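Data first, discussion second: the structure below is written as structure tokens.
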Amino acid sequence: MENYDLHTHSKASDGSLTPTELIAYAKHCGTDVLAITDHDITDGLSEAITAANDAEIGFVPGIEISITWAHQTIHMLGLHIDPDNAELQAGIKKIQAYREIRAQRISEKLEKAGIPGALAAAKRLAEGNIISRTHFAHFLVEEGHAKDVKQVFKRFLVRNKPGYVAGEWADLEEAIQWIRAAGGLAVIAHPARYQLSANKMRQMLAIFRDCGGVGIEVVSGSHSASDIQRFTHVAEYFGLYASRGSDYHGKHTAYADPKRLPALPENCRPVWTHSDWYAAR
Ligand code: AMP
Ligand code: MN
Ligand code: MN
Ligand code: MN
């Protein structure tokens, strides 16, 4: 079976590799078809398309959109999107603007906790691309406030910690609409990571499906073997297609390396068998 990795990050958001480097690494890992899905931005995709052509690897232009639903942050992938679609671009511009405001707020909070200079440092680490909590995390590790990125998130950047700012991201319904307008397939990312009750999860997935969402990540770099089993059943129950993605961000960040990502279980319907998968290209 072909090896699909449909969730990765480049420098355009919080990954550490350029799109070209990421494609070379995916090739080295044995990936046959790669999607780059940066947070709320499509800036890496044109470089990636050229690099993927040169490397003779299958490429899927994607995005990972930040959503707020029931006071929780949910991530939704758009696969096979047209990056030039005006509706999608207008939507993600709003999120990009909010990221600036949130970064300022995170920095103010860290300053109150006795850690000055975070905004300037996060901007330097983001190299002019969008600012994410990952950039703040790297700054805090650099300054010796925690030993690694995982510890920083635990101690600083999550609810009830000094550098936490609640997200105010896109609506679920509007994000699906932007992805569909851009000809893409909407897929719920890493569902096991959300702090939703079983009831809320069902509610969210029902809305998602009713608004035209088609898939859910069953295999993710942040899913355990039992998460994979659970979401295989969830996908089947909701009639959703299954996706597979490492969520690779480069060497020094969390989650599984693409080389160690399990295959989709046999009884899943892969998202790349959806009737719109090829039509979308
Ligand atoms: P943001 O979208 O700016 O809130 O940043 C979210 C990003 O931070 C995620 O996409 C991950 O790359 C990273 N992240 C979130 N939680 C953790 C964690 N517990 N450990 C490591 N990285 C994390
Ligand atoms: Mn990330
Ligand atoms: Mn995510
Ligand atoms: Mn991701």
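The values are calculated or read from the model by the stated rules, or taken from the named source; none is laboratory data. On a predicted model such as this, the values are computed, not experimentally measured, just so you know. Because the Cβ atoms are built from the backbone with ideal geometry, glycine has one as well, and the counts that use them run over all protein chains shown. For the accessible areas, the whole protein counts, side chains as well, though only heavy atoms, and no ligand, DNA or RNA atoms are used. Shrake-Rupley method; radii C 1.70, N 1.55, O 1.52, S 1.80 Å.
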*From the cross-link list 93/147; 109/154; 11/259; 11/154, which pairs have alpha carbons spaced over 26 Å apart?*
93/147
*Using mean Cβ contacts within 10 Å as the protection proxy, how do 80-86, 239-245 order, highest first?*
239-245, 80-86
*Hey, which lysines would be in cross-link range of residue 112, C-alpha to C-alpha under 17 Å, not counting anything within fewer than 8 residues on its own chain?*
161
*On full extension of the chain, what length is gained from residue 2 through residue 84, given 0.36 nm per residue of separation minus the C-alpha to C-alpha distance?*
26.7 nm
*Expressed as a whole number of Å, what is the distance separating the alpha-carbon centroids of the range 8-53 and the range 100-154?*
24
*Can you give me the relative contact order of the range 100-157 as a percent, contacts being Cα pairs under 8 Å and 6 or more apart?*
23
*Starting from the Cα of residue 251, draw a straight line to each of the aspartates and glutamates and keep only those under 19 Å, dropping any in the same chain fewer than 8 residues away.*
5, 14, 21, 38, 127, 142, 148
*In percent, how large is the relative contact order of the chain, given Cα pairs closer than 8 Å and 6 or more residues apart?*
20
*Could you pull out every residue, at least 5 positions away or on a different chain, whose amide H is within less than 5 Å of the one on residue 17? Hs are placed 1.01 Å off N in the peptide plane, and Pro or chain starts have none.*
11
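Roughly how many Å² is the accessible area per residue of the chain, as a whole number, for a 1.4 Å probe?
Using a 1.4 Å probe on heavy atoms only, each residue of the chain averages 45 Å².
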*Over the Cα atoms of the range 132-236, how large are the radius of gyration and the largest Cα-Cα distance (Dmax), in Å?*
16.5, 47
*Divide by every residue of the chain the summed helix terms, -39500 (n - 2.57) for each DSSP H run of at least 4, and state the resulting mean residue ellipticity at 222 nm, rounded to the nearest 500 deg cm²/dmol.*
-12500 deg cm²/dmol
*First check a/c for the range 130-185, with a ≥ b ≥ c the square roots of the eigenvalues of its C-alpha gyration tensor; if it is under 1.5, answer rounded, and if not, answer prolate when a/b is larger than b/c or oblate otherwise.*
prolate
*What is the magnitude of the charge dipole of the chain about its Cα centre, with +1 placed on the Cβ of each Lys and Arg, -1 on the Cβ of each Asp and Glu, and no other charges, expressed in debye to the nearest 20?*
1200
*asked:* Computing the accessible area with a 1.4 Å probe over protein heavy atoms, can you report the carbon and sulfur percentage for the chain?
replied: 48
